Amino acid sequence: MYFAGRPIHEITTPELDRWIRSLNVSGTTRNSYKRVLGVLFGFAVRMEYSLKNPARGIEKASEQITKPGILTLPEADSPLAYDWGRLCAGARDRSFCRPKARGRALALGLEKH
């Protein structure tokens, strides 16, 4: 691990920034990591394990905003015969996009084969 074995008070903003930038993830995911690290280091400051929160100095990553998918007329006519991969790619709640949930929909006759 990148910071394994080091006391939390020794981790600096430049080190944390380099680590976050080294991750092969989207800007949105990078910002989520930054937010979680901010909570972790904020707790460390409150508990007096550290004097500062190095996550505060990390700039927010740019996020690519994509337009939501628009259904075609055939998709609108048969709402459960979607291309699940395309439809679920931008979904915030992906619980129905999981194969198990799709299997339940198929068993209930809600989805076309």
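Every number in this text was worked out from the coordinates using simple rules, so none of it is lab data. Since the model is a prediction, treat every value here as computed from it, not as a measurement. As a convention, Cβ positions derive from the backbone with ideal geometry for all residues, glycine included, and neighbour counts pool all protein chains shown.
Stretching the chain fully between Met47 and Glu15 yields a gain of 9.3 nm (0.36 nm per residue, less the alpha carbon separation). Taking Cβ atoms as reference points and 15 Å as the exclusive limit, the residues near Arg46 contribute a net charge of +1, counting Lys and Arg as +1 and Asp and Glu as -1.
Relative contact order of the stretch 8-57, taken over Cα pairs closer than 8 Å and 6 or more residues apart, is 48 percent. Residues in the stretch 8-13 carry Karplus couplings, in order, of 4, 6, 8, 6, 9, 4 Hz; the curve used is 6.51 cos²θ - 1.76 cosθ + 1.60 with θ = phi - 60°, and Gly or Pro positions show x. Approximating the spin labels as points 7 Å out from Cα along Cα→Cβ, the Leu23-to-Arg35 distance works out to 1.2 nm.
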